[in-house]
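The values are calculated or read from the model by the stated rules, or taken from the named source; none is laboratory data. Predicted model only: the values in this text are computed from it and were never measured. Counting neighbours? That spans all protein chains shown, and the Cβs are built from the backbone with ideal geometry, glycine included.
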Amino acid sequence: MSPRRHLSVLAAALAAAVSGCAYFNGMYLANRYARRAADSERAGRLAEARDRWQQAATHAESLLAQHGRSRWAAAAQLVRGEALVHLEQYSDGVVALRQAVQRLSSREQRLAGFGLMGHAYLALGWKDSAQAPLDSAVEARSREVKSRALFDRGRLRLQLNQPEAARADLERSSDPKAPYELGLLEARLGDTAAAGGLYDALAGRKDYPEDDWRRALDSLAAAGASAHASALAERLAARPALSSGAQARLLLDDGVRRLASGDTAGAASRLQRAVSLAKDSLAGQAAAVALCRIAIAQAASDSALVEPRGRLMELRQSGGNASRDAMAVLRLLSRTDSLAAMTSAPDAWWFLRAELLRDSLGAGHLAAVSFASMADRYPESPWTPKGLVAAIAAGYPAPDSLRNLLAARYGRSPYALAASATGEGSDSAYQALEDSLRRTLSVAAAGVRGAPARGRPGVVGAVEGDEPRARPAPRPPARPQPSGPPQPEPPE
């Protein structure tokens with residue numbers, strides 16, 4: 001062999017060796033990053049896990065691009081599909097997994113691929129497509145693959161309204177999330193004792209999957225066991241290993257649940273503790289905004305709004321959701337100021353202000369006082385009787401005095417007649433007053449803005465010169481909760 005020919009053969013052999021080394025190295029790296037990503041997930045280091053899944057996908061894609069026809073291409077496609085599923089790129093993951101299971105010779109690898117495919121279909125909401133691959137995957141010998149497939153099939157069966165079959169799968173699964181899902185199932189079925197027992201046992205574990213716990217406590221409270229949910233939140237928040245931020249989130253959620261159930265005092269206590277634990281955290285700031293809303297809801301005078309308004313002005317500088325929530329409340333408070341300062345049709349705007357306090361700010365006490373004050377502020381207004389009726393419905397502390405005032409001073413008002421025990425009065429007269437209020441607000445809003453009222457967008461009701469619109473609305477029942485006119489935007 002000539003020297004030149006000998007060198008050519010050596011170069012070809014060296015190139016093949018380098019290519020084979022790169023091939024095996026690429027597969028090794030893809031598998032190594034996938035294993036490390038799974039370890040990170042189990043340890044709860046989700047950001048680290050996501051980065052490692054991305055690395056696994058990148059190495060698998062590189063191998064497929066260079067050696068797409070090799071004998072390990074199907075295994076690389078399986079790793080890529082698994083990584084994409086964990087990265088929540090479900091559609092691309094399904095495509096990769098389909099290609100993998102068609103080419104894989106190992107039964108166990110195929111079943112692992114089917115399990116991942118079923119999980120992706122379930123995440124995409126394709127229940128019919130998820131059924132068959134999950135049915136296959138539960139036959140795997142691998143405990144991990146089988147357990148995950150049982151967990152996903154249990155979730156699927158729950159969505160398909162097959163609770164008993166779902167329970168059977170979840171009880172067989174050793175996936176760490178299965179007991180939480182089983183608790184959700186029991187709570188959904190109304191068995192709060194079973195759900196609470198499961199959660200009590202889980203609270204004794206060292207691990208703390210926060211998202212699972214938040215769903216669990218919400219489901220328990222929604223099923224009517226709010227006291228049990230609150231006790232579990234207290235137990236979890238007392239863990240020494242839990243960060244102050246995680247404790248604040250638990251207390252914030254518990255405060256929100258207590259507020260929804262009407263336990264304002266209990267809610268305020270939890271929210272205040274959340275602020276004390278982590279004042280500058282997102283949860284602490286959200287709790288501070290919620291406390292301001294409670295203070296506004298409990299205000300009995302305009303002066304009681306000064307303190308929560310000042311706190312909200314501080315919180316709007318914090319950024320994030322708390323800042324946006326604080327700004328939203330401040331805008332409503334600013335609107336109440338604008339309505340109180342209106343000089344054109346002030347009685348109509350004052351009524352609208354009271355409605356905003358009641359309906360948008362939840363300040364029922366202050367709204368009742370504001371409605372009732374119309375008798376002193378605007379004794380001759382045709383809408384003062386409507387305000388008195390609204391004050392009674394909003395829980396004014398001396399309702400009998402308002403009823404006596406209605407009877408003595410405004411006994412022939414359509415509003416007073418409609419709210420009386422007999423419900424006497426004219427529907428047409430009642431409706432004429434309602435249309436008049438709408439018309440007054442429309443004209444006043446247009447006049448303040450310096451624009452013609454007719455055709456203005458956002459102003460509902462007739463304008464000056466129009467005939468009142470007859471509506472087939474029935475007369476309201478005795479002592480109704482008055483539904484005020486649509487709210488045109490007042491000037492800022």
Under the condition of being farther than 10 Å from Asp254 by Cα and among the basic types (Lys, Arg), which residue from segment 206-242 is farthest from the chain's Cα centre (by Cα)? Lys206
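Just the residues that are outside any helix (DSSP H, G or I) and surrounded by fewer than 20 Cβ atoms within 10 Å (Cβ to Cβ), please, taken from segment 382-408.
If we filter segment 382-408 for residues that are outside any helix (DSSP H, G or I), which is where we start, we get 382-383, 394-398.
Pro382, Gly395, Pro397, Ala398 - these are the residues of segment 382-408 that are outside any helix (DSSP H, G or I) and surrounded by fewer than 20 Cβ atoms within 10 Å (Cβ to Cβ).
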In segment 156-180, which residues are surrounded by fewer than 22 Cβ atoms within 10 Å (Cβ to Cβ), charged (D, E, K, R) and assigned to a helix (DSSP H, G or I)? Glu164, Arg167, Glu171, Arg172
Could you grab me the full set of residues in segment 144-161 that are farther than 19 Å from Val101 by Cβ, out of contact with any helix residue (DSSP H, G or I) (no Cβ under 7 Å at 6 or more places or on another chain) and modelled with pLDDT under 95? Asn161
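If you take just the helices (runs of 4 or more DSSP H) that sit entirely in segment 288-359, which of them hold at least 1 residues that are within 24 Å of Glu434 (Cα to Cα) and over 29 Å from the mean Cα position of the chain (by Cα)?
Answer list for segment 288-359: 320-340, 346-359.
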Mind checking which pairs have a first residue in segment 318-336 that is more than 20 Å from Ser303 (Cα to Cα) and a second that is of a type in the set (S, T, N, Q) and part of a loop (DSSP other than H, G, I, E, B), Cβ under 6 Å, 6 or more apart or different chains? none
With the condition kept exactly as written, say whether any residue in segment 104-124 is in a helix (DSSP H, G or I), in contact (Cβ under 8 Å) with a residue 12 or more places away in the chain, buried (at least 24 other Cβ atoms within 10 Å of the Cβ) and among the acidic types (Asp, Glu). no
Looking only at segment 410-428, how many residues end up being exposed (fewer than 15 other Cβ atoms within 10 Å of the Cβ) and either at pLDDT 85 or above or under 27 Å from Pro399 (Cβ atoms) (or both)? 7
